[in-house]
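One structure is given below, encoded as structure tokens.
The values are calculated or read from the model by the stated rules, or taken from the named source; none is laboratory data. What you are looking at is a predicted structure, and each value in this text was computed from that prediction instead of being measured. Neighbour counts are summed over all protein chains in view; Cβ atoms, including those assigned to glycine, are modelled from backbone coordinates with ideal geometry. Please note that ligands, DNA and RNA were not included when accessible areas were found on the heavy atoms of the full protein model with its side chains. Shrake-Rupley method; radii C 1.70, N 1.55, O 1.52, S 1.80 Å.
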2 protein chains.
Amino acid sequence: MKTVNPQKSLVEQTYDILVEAICVGTLKPGERLTQDAVAARLNVSRQPVNAAIGLLRANRLVESAGRRGVVVAGLDPDLLRDIYDFRSVVEPLAVTLAGRRGLTEAEIAEGRGIIAEGWQALRKGDEPGMVRADVAFHTLLYRLSGNCVIEETMRVYWTHIRRAMSAILRSRERYPETVWDQHDRIFAALCAGRVEDSAAILREHLLGSFANIAGHPLGPPDPQRADG
Amino acid sequence: MKTVNPQKSLVEQTYDILVEAICVGTLKPGERLTQDAVAARLNVSRQPVNAAIGLLRANRLVESAGRRGVVVAGLDPDLLRDIYDFRSVVEPLAVTLAGRRGLTEAEIAEGRGIIAEGWQALRKGDEPGMVRADVAFHTLLYRLSGNCVIEETMRVYWTHIRRAMSAILRSRERYPETVWDQHDRIFAALCAGRVEDSAAILREHLLGSFANIAGHPLGPPDPQRADG
DNA sequence: CGATTGCATTTCGTATACGGTATTTCATAT
DNA sequence: ATATGAAATACCGTATACGAAATGCAATCG
């Protein structure tokens with residue numbers, strides 16, 4: 001029979017809701033959040049909201065506004081550059097470690113499934129689907145590395161990457177069509193044991209992804225437009 | 001004139017106290033912590049303790065024990081291996097970025113000061129001093145990189161590295177005498193602009209540091225000895 | 001003697017209250 | 001019109017209370 005699903009705490013639920021709203025753009029950069037307002041909106045008390053906002057602050061998704069709540073952090077080009085510099089060494093390490101430990105048949109199948117979903121989303125022009133598959137693909141690489149530090153560190157920073165991706169897609173820019181070809185080749189090389197090839201293609205992929213993001217004006221938002 | 005030092009919140013103070021106790025070994029692996037006990041000990045209410053323990057849990061310094069509080073995490077050899085694998089790519093990136101942006105005279109002086117303190121601590125056999133200087137040296141590299149992702153990520157993991165260092169020193173193992181020679185050479189090469197040399201010495205340094213840690217039995221503690 | 005069940009205790013999540021601090025608004029003086 | 005001071009308001013940190021959930025232990029049954 002089915003097992004009982006453990007309930008997420010109110011803190012976790014609150015955090016997830018706010019992260020999602022920030023990533024998809026429902027909560028815009030510069031928008032102010034107070035604990036009372038969020039608590040009223042989500043029909044909980046201030047205590048779990050305080051804890052969730054503490055996590056958002058720690059993950060740099062919001063910034064303190066003195067004793068006037070917090071504001072949703074802007075898309076910071078400097079932070080994104082730091083994240084991509086970071087990725088440029090961490091993700092090749094991830095595929096190196098993954099190649100070293102080898103992939104199981106199930107893991108190979110899982111990777112191919114994610115890539116198939118990415119291709120399908122590209123065919124359909126399903127941009128949110130492409131973002132989801134993109135996240136799933138890179139998260140898989142971290143998991144395959146078997147290195148929990150890579151996995152946990154990147155989980156935090158992917159919220160920022162997702163925000164940038166969503167912002168770019170909202171401005172009607174196209175999702176680069178080379179992405180899934182590159183994902184395909186990265187994974188194929190990894191499965192074939194050609195780890196250095198895989199790492200090289202990954203570095204190229206990251207350079208391209210960052211060039212796409214850097215070429216898009218994500219500068220600090222006009223505060224007057226916070227209510228836009 | 002001097003600026004007013006803003007008071008640290010009770011949450012921050014509680015977290016710092018607990019981290020310090022875990023790092024220096026006052027709180028031992030396997031030791032159980034409940035919110036009521038910590039609150040009574042520190043003379044605060046449970047609320048800031050709950051928040052601080054949440055951060056400790058997120059930083060893997062404690063582990064949940066169901067509805068029986070948390071336990072201080074053991075020194076996990078797998079986690080330390082993951083951290084050192086991670087460092088092996090992140091720290092060379094840090095010196096690469098530092099070399100790219102160049103060092104100011106003040107930064108060069110600061111680095112030399114830290115290294116001098118390290119040598120002095122070595123001469124005096126001041127092991128806590130050596131650990132502090134070690135932390136300060138690597139933290140300086142992260143800061144010099146100008147990459148906030150490196151800086152913040154490594155800040156978390158250095159609590160684990162410090163724990164391992166403290167455990168090794170408590171077992172009367174000697175602090176490797178090559179450490180400060182290597183720090184000296186890493187920094188000298190960086191200051192001279194020989195970034196690849198600096199990165200190469202750093203990698204060698206990390207291999208040695210990890211070999212030192214890996215060679216020391218840090219395995220999961222005997223739970224019966226939690227009260228030791 | 002081992003397994004099961006019921007009950008008491010411990011612990012935590014979260015709601016609410018209170019006080020302090022920072023910020024904003026308004027009134028007054030120049 | 002501008003500056004300044006006082007008052008009001010908004011917000012957050014933290015204390016406390018309450019209820020739910022998990023755990024441990026003892027009694028009972030097979």
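So the values come out like this:
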{"item": "Flag for A:Ala58 being in contact (Cβ under 8 Å) with a residue 40 or more places away in the chain and within 11 Å of chain B (Cβ to nearest Cβ)", "result": "no"}
{"item": "Condition check for B:Leu33: within 16 Å of DNA strand D (Cβ to nearest atom) and at pLDDT below 95", "result": "yes"}
{"item": "Yes/no for A:Asp76 being under 15 Å from the mean Cα position of the chain (by Cα), within 14 Å of DNA strand C (Cβ to nearest atom) and closer than 30 Å to B:Val90 by Cα", "result": "no"}
{"item": "Residue among B:Ala52, B:Ala58, B:Ala109, B:Ala39 that alone is open to solvent by 30 Å² or more (accessible area, probe 1.4 Å) and not assigned by TED's automatic domain parsing to the domain that holds B:Arg155", "result": "B:Ala58"}
{"item": "Failed criterion for B:Arg68 (all others in (1) open to solvent by 30 Å² or more (accessible area, probe 1.4 Å); (2) within 26 Å of A:Leu144 (Cβ to Cβ); (3) touching a residue at least 24 places away in the same chain (Cβ under 8 Å); (4) within 16 Å of DNA strand C (Cβ to nearest atom) hold)", "result": "(2)"}
{"item": "Within region B:8-41, considering residues that are within 22 Å of B:Arg163 (Cβ to Cβ) and over 24 Å from the mean Cα position of the chain (by Cα), the one nearest to DNA strand C (Cβ to nearest atom)", "result": "B:Thr34"}
{"item": "Selection count where residues are at the interface with chain A (Cβ under 7 Å from one of its Cβ atoms), surrounded by fewer than 22 Cβ atoms within 10 Å (Cβ to Cβ) and either acidic (Asp, Glu) or in contact (Cβ under 8 Å) with a residue 40 or more places away in the chain (or both), scope region B:87-96", "result": "1"}
{"item": "Options A:Arg163, A:Arg132, A:Arg170; residue that is open to solvent by less than 20 Å² (accessible area, probe 1.4 Å), of a type in the set (D, E, K, R) and under 17 Å from A:Cys23 (Cβ atoms)", "result": "A:Arg163"}
{"item": "Residue within region A:174-181 that is open to solvent by 30 Å² or more (accessible area, probe 1.4 Å), more than 14 Å from chain B (Cβ to nearest Cβ) and touching a Lys or Arg at 6+ places or on another chain (Cβ under 7 Å) present", "result": "no"}
{"item": "Leading residue by the ranking (nearest to B:Glu151 (Cα to Cα)) among those in region A:37-65 that are more than 12 Å from DNA strand D (Cβ to nearest atom) and assigned to a helix (DSSP H, G or I)", "result": "A:Ala58"}
{"item": "B:Val11 being within 16 Å of DNA strand D (Cβ to nearest atom), among the aliphatic types (A, V, I, L, M) and in a helix (DSSP H, G or I)", "result": "yes"}
{"item": "When residues of region B:71-86 are limited to those that are in contact with a strand residue (DSSP E or B) (Cβ under 7 Å, 6 or more places away or on another chain) and open to solvent by less than 30 Å² (accessible area, probe 1.4 Å), the one nearest to the other protein chains (Cβ to nearest Cβ)", "result": "B:Ala73"}
{"item": "Odd one out for B:Ser166 among (1) of a type outside the set (Val, Ile, Thr); (2) within 19 Å of the chain's Cα centre (by Cα); (3) modelled with pLDDT of 90 or more", "result": "(3)"}
{"item": "Residue match in region B:107-119 (condition: under 30 Å from B:Ala37 (Cβ atoms), of a type outside the set (Val, Ile, Thr), without any contact (Cβ under 8 Å) to a residue 40 or more places away in the chain and more than 14 Å from chain A (Cβ to nearest Cβ))", "result": "no"}
{"item": "Filtered residues of region A:135-149 (kept if away from chain B (no Cβ under 12 Å) and open to solvent by 10 Å² or more (accessible area, probe 1.4 Å))", "result": "A:Val135, A:Ala136, A:Thr139, A:Arg143"}
{"item": "Filter result for A:Glu152 (under 25 Å from B:Asn59 (Cβ atoms) and open to solvent by 10 Å² or more (accessible area, probe 1.4 Å))", "result": "yes"}
